[in-house]
Each structure stands twice: as C-alpha cells, then as structure tokens.
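One structure is given here, and the rest of the page talks about it.
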Amino acid sequence: MKRSVIRLENVWKVYKMGDTHVNALQGLHLDIKEGEFLAIMGPSGSGKSTAVNMIGCLDVPTKGRIMLDQHDISRLDESELAQIRGRKIGFIFQQFNLIPTLTALENVTLPMIFQGTGEGERISRAKKLLGLVELGERIYHKPTELSGGQQQRVAIARSLANDPEVILADEPTGNLDSKTGSIVIDFLKRLHKADGKTIIMVTHDAALSRVAERVEFLKDGKIVKSLNNK
Amino acid sequence: MLRDYFNFALGTISHRKLRSWLTMIGIFIGIAAVVALISLGQGFKQAINKEFEKIGTDKLFITAKSGFGAPGTNAAVELVEDDMDVVKRTQGIENIAGYLMVNSKVEFEDEVGFFLVLGMPEGDERRLMQETYNIKIQEGRGLRDSDEFSALITNGYAEKKLLGKNLKLRDKIEVSGKEFTIVGVIPKTGDPEFDRALVLPLDAVREISNEAERIDVILVKVVNVNSISSMAERIKSDLRRARDVKKDEEDFDIQTPEQLLGSFNDILDIVQAVLIGIAAISLLVGGVGIANTMYTAVVERTKEIGIMKSIGAQNRDILLIFLMESGLLGLIGGIIGVVLGFGLSFTVEFIAKSALGINLVEAYFSYSLLFGALAFSFLIGATFGILPARQASLMRPVQALRSK
Ligand SMILES: Nc1ncnc2c1ncn2[C@@H]1O[C@H](COP(=O)(O)OP(=O)(O)OP(=O)(O)O)[C@@H](O)[C@H]1O
Ligand SMILES: [Mg+2]
C-alpha cells in the first residue's frame, strides 16, 4: 500500500453569489497516492478545476478536510498555503499563464525566487529544465515570441522549478492542437515514469486519459465513476 | 530577493514607458522645485554669512528705530552727533564712525537719475568704514580729509549700467545741484544696494541734503570681541539716559552682526519653508499620480498576481513587488528631478552673476541634499504605493487567476 500524498475528505465548496449558492463540490472524496498518475474527467461545470485548486492549496474548502502528509491544511492561512504551493506543487494551466513581461528563463526562475534560491543556482537549474523540455535555444524569448506548445513547455519547466512532489495540470492540452498536445502529454508521462512525480491531470479527452493509471469521473461535485487503467 | 524585485520592477516600468513617464512628471517637477529652492536658499544664506564674516564680530551698529516719533508729529526719530559723543565716551570702544545715507538727484551731461549717496566721514572714522565694509579702490584713489567735492563711484557707473553713460575718472557730475569730481572707482561688492551708491565726503552730503546733525548709522568697533554683548548693554543704557527714554521703550536699536544675521536667517528660513511647502504640493500631486498608476497596474495585472501566488508567492512578496515598483517610479522621477533642480539653480546663479551682477545668488550643492532628495522621492513613491500594493497582496489566488 502506497503512502497518501493528498487526501480530500468530504470536501464541500460553496460559492455564494448574492442569494444563490453554487455547490461546486459536494462531499468529494479523493485519495492520491505517491507517484500515481491520475486523470480527472467530467462535464463542464462539474467541479474539476475547483477540485484541482483544493488539491493545489490554491483554495480552502467550505467544509471537509484536506490532508497533506497527514496534516490538515484546510485551516491554514494564505501565507502558509503559499509556502506549501511553492515547495510541493507545480501548476500547469490551460492558458499557460506565463508572465508576459518576462523571458522564458525568468519565468522558470520566478518560483525559485519566491523560495529564496540563490541566483546562480536558479539560473543553472532553469536552463537545465528548459533544456529538458527542448527549449534550450529559446530561453531569452518572451511568451509572445513562442508558440502555444512552446509556452506550455515553458510552463512545464516552471512547474518543476522547485522540484515538487505533485504536478497539477488543469487541461494542459486544452489550448493546443492534438499533435502539440501529445508532445506535452509525452513530457508528463516522462515526468511520471522517469522522475516518479505524482501527476494529476484534468482533461476532456478520453484518449488522453488513457495515459493515466486511474481516471476519476466527476459530476455535480462528486465522484460518479472510477476507472483503473493498470 | 529585494534585488530581484527591483529588477522585476525595472522591467515592468520600462515595459510601460509612456505611462511611467507621465506618472513621473509630477514627481520630477516637485523634486526639481524643492531641490532648486533648497540649493538657492542655502547658497544665498552662505553668501550672506560670508558677507557678515567680512564685517567682523567686533562691531556694533546703532540705528534709530524706524516708525518711532513723538505722538502727533510726523518727525521720524533720528540719531544725531550728540548721540555719537555719548557712545564715544563709553569705555571699551576702540573706534567709532557715523555716516549718513540720502537719496539724491545725480546728473551727468544730459542723464539724470536718483541714487543713494553715502556720506563718508573723515580720518579714523573713514578707516573704520573702509575696514568694515571692505571698500577697495579699483581705479584712481580713495577719499581724503582734504576732499570737499570729490566723489567715488562704483563700477556700475563705470560700466555705463547706471546712468546710461560711461563715467570715468575726472568726470564732473552734479549731485543735488553741486558739482563733484570723480576721483576713484570702487569695485563691485555684490551687495546690490551698495553697488548702486555714490560715495561723497560726509560734510558735502550734509550740505546738499541740509542735514546738519543727522546720523543714520553709528558704527562701533569694540576693543574686546568677547565683551560685545555687555558693551551693547552699556551703550544702550548710556544712550537711554542721554535721549531720556525708558527701558524697553528705546527709540534706537543696537545690533551686532550676529543678531542681524540671526534675524535675517530667521526670515530666510520662513520664506524658504513657505516656498518649499508650495513646491511640496506638486510632490503630493505626483504621489497621487503614482497611486493612481499603481491601482491601474494592480487591476491590469490581477491575473499575473494570481499566477505568482499559484507558484508560491506569499502576500508579502506581492506587496514588496508592487511597493518596489511604485518606489522606483518615485526614485526615477527623483533622479530626473534632482538633475533638473541642480541644473536650474546653477543656471540661476550663472545668470545672476554674469548678466545681473548679483554676487549673493549662489547655488549650493551637497551630497546630503542629493541623496536626501533621492531617498525622499523613493519614499513618496513607496508611500503612495502602499494601498494599491496591499490590495494586490490580499487578492485571493483563485479569483485572481480567473480574471482575464
Ligand atoms: N469563483 C467562483 N464563483 C462562483 N462560482 C464559481 C466560482 N468558481 C467556480 N464556480 C462554479 O462552480 C462550478 C464548478 O466550476 P469548475 O470551474 O470547477 O468547473 P470545471 O469542471 O472545471 O468546468 P470546465 O470543464 O468548464 O473547466 C461551476 O458551476 C462554476 O460556475
Ligand atoms: Mg475547469
């Protein structure tokens, strides 16, 4: 039995908008084991992004517990959460979310600045990571000078900056054509296989979900189906 | 880390050049005005202080109090020769001189003007005057006891600036209808009032102005510099008795150069404070401009804030990044302002000296003023950036990420 990295226990997220309440998550249970590749699927509005934000400590639940290494993080304050995010989690977003005024290299060094890593180490590590995603030639390019697939690879390099245990990818291929999308997926697979990273990926694409070891189907903020690909 | 945020801010500022320049205008105009005013004010003060140092600290000046007069009469209170005799009898005095200044009509060929005329006493008195006011002769000779209708001109006349004609030695000018021969030229002293004056023998001035007794200023040199204030008190009580006035109701003033300087400096400080206060309003406006720009930046970069938080930025980091940016806007504005400010004050000095001949206008430079102004401008930027930066730092990461 593998160790749990993150466990969501009966997690509720309620968004209040005036008089109406939106129940984005309704008693979600999710146990993510060390080194596993999990895909989350489900219709639009089913709460996938909300769930990923909880796993990534970007948000706290209205109700329920989020256990990270046996500690409940759902009551931590924003600064403590930020520290956990910075060290343990790497985010990859659908819209790439690079800082437009910074070069590829600077974008990759940014998470290390927030962790207080020294400049020399930052730059050599960022260069290595950009080499890993085959962008060694483009390190001084700004995001606007890169294609979508290249930007997403910069984002992958950035997610690895602080060598996190968990990579969270919310529809990483959503803005890419299938060919560039599969390149991105290949990198995620490699991270999983070669580096033993825990990977959680949201996708709409059933074909892509087959690279995962396990697929969870979400509907109305709850798991409605689980699938084991192993 | 701060250095990284500094570079980060520098990048953002240069990325939005036009907006950054527009924002900085308020700051650099304000800083330029404040720096120029301080520089010129301090320079002026120093120049005045130098002038007073030349006079020396062992001198007293006795003048009639202006605005005093017997009730019901218009007659202004005057000092007269008798008062001088009283002062002269006081112990501890090394030397004494009394002189008169009147406005007179000065004519040369067909040019006419009204100028200040100084009646120069004779003998030891004249020597004390020359020492105190540092009167030198540039051309010709000084006045002698035997002179009756001789005149010294300052080189403002020689340079044709005052009377419209070039006066030179041995020219004959008419002062209040009497003819005087120019025997000497005094170089410019930098004191604009003195530089416009004519110097004539005291007796001649008494004659043309019909003032047989009046003395405008009694100049006293004391033997012992350290006893100057007790000497002033002693002379005061002697004069009080002689002029028959009560204590604290004196109709005359006794001032030492320090006192004159002190009251002068006080006035200058007030004037300077008021001017700097006005200039500071533009700094306030500049600061509000920075706050406005930063609020806009925070809204525009909401998504960026969300991204930075998602990759591990704490509230403190976001706060510092934005504070650094607003501080830097202030600082760059300050650098330009300091350059402009010193440029302005040295230009004013140059124009005053070369074109207007006013030596007292001096620009003052010091590193503490330079760096003080820079630190202050950074502080303005950072201070006015606090609220926007706080707003940025408190953004919820998920909400910020969802914004477009
Ligand atoms: N900040 C918010 N305020 C109000 N409602 C929200 C907020 N975030 C999400 N929701 C709502 O919560 C529900 C779940 O949203 P979520 O973004 O998690 O869906 P999703 O499964 O990721 O959808 P998609 O596939 O379209 O990305 C939706 O009904 C959404 O409208
Ligand atoms: Mg989503």
Looking at B:Ser345, is it surrounded by fewer than 21 Cβ atoms within 10 Å (Cβ to Cβ), of a type outside the set (A, V, I, L, M, F, W, C) and within 16 Å of B:Gly43 (Cα to Cα)?
no
Take the residues of segment A:170-207 that are within 14 Å of ligand 2 (Cβ to nearest atom) and open to solvent by 10 Å² or more (accessible area, probe 1.4 Å): which is nearest to the chain's Cα centre (by Cα)?
A:Asp170
Matching residues, segment B:391-404, being closer than 14 Å to A:Glu78 by Cα, open to solvent by 80 Å² or more (accessible area, probe 1.4 Å) and in a helix (DSSP H, G or I):
B:Gln399
Residues that are within 16 Å of ligand 1 (Cβ to nearest atom), in contact with a helix residue (DSSP H, G or I) (Cβ under 6 Å, 6 or more places away or on another chain), more than 10 Å from every other protein chain (Cβ to nearest Cβ) and open to solvent by less than 30 Å² (accessible area, probe 1.4 Å): does segment A:17-27 have at least one?
yes
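Taking the conditions exactly as written (crowded, with 16+ Cβ neighbours inside 10 Å, under 27 Å from A:Glu78 (Cα atoms) and within 9 Å of chain A (Cβ to nearest Cβ)), does B:Ile307 satisfy them or not?
The answer is yes for B:Ile307.
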Pull up segment B:376-404, narrow it to residues that are closer than 27 Å to B:Thr23 by Cα and of a type in the set (S, T, N, Q), then point me to the one that is nearest to the other protein chains (Cβ to nearest Cβ).
B:Ser393
Regarding segment A:137-148, can at least one residue be identified that is among the β-branched types (Val, Ile, Thr), within 16 Å of ligand 2 (Cβ to nearest atom) and open to solvent by 10 Å² or more (accessible area, probe 1.4 Å)?
no
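Here is a yes/no grid of residues against (1) over 20 Å from B:Phe8 (Cβ atoms); (2) away from chain A (no Cβ under 14 Å); (3) more than 16 Å from ligand 1 (Cβ to nearest atom):
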residue: B:Leu320; (1), (2), (3): no, no, yes
residue: B:Met324; (1), (2), (3): no, no, yes
residue: B:Ile335; (1), (2), (3): no, yes, yes
residue: B:Leu374; (1), (2), (3): yes, yes, yes
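Looking at the structure I just gave you, is A:Val215 open to solvent by less than 40 Å² (accessible area, probe 1.4 Å), assigned to a helix (DSSP H, G or I) and closer than 24 Å to A:Ala155 by Cα?
No.
Within segment A:35-59, which residues are over 23 Å from A:Pro164 (Cα atoms) and more than 10 Å from ligand 2 (Cβ to nearest atom)?
Correct list: A:Met41, A:Pro43.
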Go through (1) within 14 Å of chain B (Cβ to nearest Cβ); (2) open to solvent by 50 Å² or more (accessible area, probe 1.4 Å); (3) within 16 Å of ligand 1 (Cβ to nearest atom) and name the single condition A:Phe93 misses.
(2)
If you go through B:Gly119, B:Gly140, B:Gly164, B:Gly98, the only one that is over 24 Å from B:Arg241 (Cα atoms) and either open to solvent by less than 40 Å² (accessible area, probe 1.4 Å) or in contact with a helix residue (DSSP H, G or I) (Cβ under 9 Å, 6 or more places away or on another chain) (or both) is B:Gly119
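When you look at B:Ile278, is it open to solvent by 70 Å² or more (accessible area, probe 1.4 Å) and either modelled with pLDDT of 95 or more or assigned by TED's automatic domain parsing to the domain that holds B:Gly327 (or both), yes or no?
Yes; evaluated as a whole, the condition is true for this residue.
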Hey, among the residues in segment B:385-404 that are within 16 Å of ligand 2 (Cβ to nearest atom) and either in contact with a Leu (Cβ under 9 Å, 6 or more places away or on another chain) or among the hydroxyl-bearing types (Ser, Thr, Tyr) (or both), which one's nearest to B:Met324 (Cα to Cα)?
B:Pro397
Taking only segment A:65-87 into account, find how many residues are buried (at least 20 other Cβ atoms within 10 Å of the Cβ) and either under 29 Å from A:Ala206 (Cα atoms) or not polar (S, T, N, Q) (or both).
6
In segment A:58-81, the residues that are facing chain B (nearest Cβ under 9 Å) and touching a residue at least 24 places away in the same chain (Cβ under 8 Å)
A:Leu58, A:Asp59, A:Leu81
Confirm whether A:Gly47 is over 17 Å from A:Ile156 (Cβ atoms), crowded, with 18+ Cβ neighbours inside 10 Å, out of contact with any Lys or Arg (no Cβ under 8 Å at 6 or more places or on another chain) and in contact (Cβ under 8 Å) with a residue 12 or more places away in the chain.
no
Let me confirm something: among B:Gly287, B:Gly312, which residue is crowded, with 21+ Cβ neighbours inside 10 Å and not in a helix (DSSP H, G or I)?
B:Gly312
Matching entry among A:Ser159, A:Ser124, A:Ser226 (being among the hydroxyl-bearing types (Ser, Thr, Tyr), in contact (Cβ under 8 Å) with a residue 60 or more places away in the chain and either on the phi < 0 side of the Ramachandran plot or more than 16 Å from ligand 1 (Cβ to nearest atom) (or both))
A:Ser159
Just one of B:Ala232, B:Ala280 is under 24 Å from the mean Cα position of the chain (by Cα) and of a type in the set (A, V, I, L, M); which is it?
B:Ala280
Single residue of B:Ile380, B:Ile386 found to be modelled with pLDDT of 90 or more, surrounded by fewer than 18 Cβ atoms within 10 Å (Cβ to Cβ) and among the aliphatic types (A, V, I, L, M):
B:Ile386
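The values are calculated or read from the model by the stated rules, or taken from the named source; none is laboratory data. Computed from a predicted model, the values in this text were never measured in an experiment. Glycine also receives a Cβ, built like all others from the backbone with ideal geometry; neighbour counts cover every protein chain displayed. Side chains are part of the model used for accessible areas, which takes the heavy atoms of the whole protein and leaves out ligands, DNA and RNA. Shrake-Rupley method; radii C 1.70, N 1.55, O 1.52, S 1.80 Å.
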